[in-house]
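The values are calculated or read from the model by the stated rules, or taken from the named source; none is laboratory data. Just so you know, these numbers come straight off a predicted model, no measurement behind them. Note: ideal-geometry Cβ built from the backbone for every residue, glycine included; neighbour counts use all protein chains shown.
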Amino acid sequence: MLDVLYEDSALLFVNKPPGLIVQRAYDANEPVLLEMAVAHAGPLFMLQRLDRGTSGVMFFSKLAEINARLTRQFETKQIRKRYLALCEGELGERQTIDAPIARIGPISFGVRHDGKRAATSVRPLRARDSGSLLSVELHSGRTHQIRVHLAAIRHPIIGDWLYGFRNAVRPMLHAAEVALIHPLTAQRLRVPAPPPEDFSAAAMERGIVSRGEDILTLSECS
């Protein structure tokens, strides 16, 4: 079932569950987020993506005439994307990781001096020896950027089988919020998405947060 976070005549925001692919790949019978969204709202334009294992907010455009305005917002960094991540170890220092990223394998990327510029801001919300809860903002849009940057500073995302360890059901990365200028009204629009149960459970299991704590509220108030 499609989890709609916000919808109007121009935009559709949904909360993508982990494990769901965004676009059709090889399996003709596999559920696809884009097809579910089209079945709900009619023809749509996709301007962003999330990895299969990443959960959280994504938006679609309903109108061809607004796509150039949205693309321009991406280019001028007016679209703000904030993520929540659970990482290995105690990461207690607020920092910006500014390190170029390049492809290093068929499906993997890494920090390389000849890569494309990439910058990621990291704000610790809870830091424990057993793991840390982070609020993360992207200042560029490279593939696997958060995963690569956190692995590069030796704090890979919990469950990241590609850049860290296969010790959770998926990489614990959640797109917690998207904010943009509405292309029709010119008003600021902010759409948050609560993390799924597996994310909260992993944080509690590691003792990063207490049972009953609202992680989304914690991230907004910190």
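Worth pointing out:
- Enumeration of residues in region 99-153 that are touching a Cys at 6+ places or on another chain (Cβ under 7 Å) and among the polar types (S, T, N, Q): Ser132
- From the list Thr143, Thr54, Thr76, the lone residue that is polar (S, T, N, Q) and within 23 Å of Asp3 (Cα to Cα) is Thr54.
- Any hit, region 114-124, residues being polar (S, T, N, Q), at pLDDT 95 or above and assigned to a loop (DSSP other than H, G, I, E, B): no
- Looking across region 91-113, the residues that are in a loop (DSSP other than H, G, I, E, B) and buried (at least 16 other Cβ atoms within 10 Å of the Cβ) come down to Leu91, Ala99, Pro100.
- Single unsatisfied condition, Thr217 versus (1) touching a residue at least 24 places away in the same chain (Cβ under 8 Å); (2) farther than 30 Å from Gly105 by Cβ; (3) surrounded by fewer than 17 Cβ atoms within 10 Å (Cβ to Cβ); (4) under 18 Å from the mean Cα position of the chain (by Cα): (1)
- The lone exception for Ala25 - which of (1) surrounded by fewer than 17 Cβ atoms within 10 Å (Cβ to Cβ); (2) at pLDDT 95 or above it fails: (2)
- Condition check for Ala127 on (1) under 20 Å from Phe199 (Cβ atoms); (2) touching a residue at least 60 places away in the same chain (Cβ under 8 Å): one failure, at (2).
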